[in-house]
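Just so it is clear, none of the values below were taken in a lab; they were calculated from the coordinates. Note that the structure is a prediction, hence the values are computed from the model and not measured. Positions of Cβ are backbone-derived with ideal geometry, glycine not excepted, and every protein chain shown enters the neighbour counts.
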Amino acid sequence: MIWQWIVDGIARLLVQLKLAAAGIAGRILSTFGLTIVTFEALLPQLKAFILQHVGGLSPQAQQTLGYLGVGVVFSMILSALTIRLAWKVFIIPTSIANQIGGSGS
């Protein structure tokens, strides 16, 4: 009787550990996918857009901005904004996904 409780407890613990590991692995893979999409597709286009407008500055102004590290600051800000946007667009809660339909249930 007691051994059965111990075996059942261990089985439940293993199931919970398996579910936790699957959730963590899923989050890691989704974050990796969003990072690849962001840095390979979205961020270069945003940088090109900004560089198109910065090209009209005088060479002295461009050197000053480069010296101050404004490019690095803009890169960090754009990276954070694109990842946040992608997170909101690509990762949606299950409740909203079920309302959209097409799940076959």
Original post:
For the residue pair Val70 and Ser58, what label-to-label distance in nm results when each label sits 7 Å from Cα along the Cα-to-beta-carbon direction?
Top reply: 1.3 nm
**OP:** Could you go through the range 47-56 in sequence order and give the Karplus-derived ³J(HN,Hα) for each residue, using 6.51 cos²θ - 1.76 cosθ + 1.60 with θ = phi - 60°, rounded to whole Hz, and x for Gly and Pro?
**Re:** 5, 5, 4, 5, 5, 4, 7, 6, x, x
Subject >> Integer Hz, Karplus 6.51/-1.76/1.60 couplings in order for the range 66-72, x for Gly and Pro >> reply: x, 5, 6, x, 5, x, 5
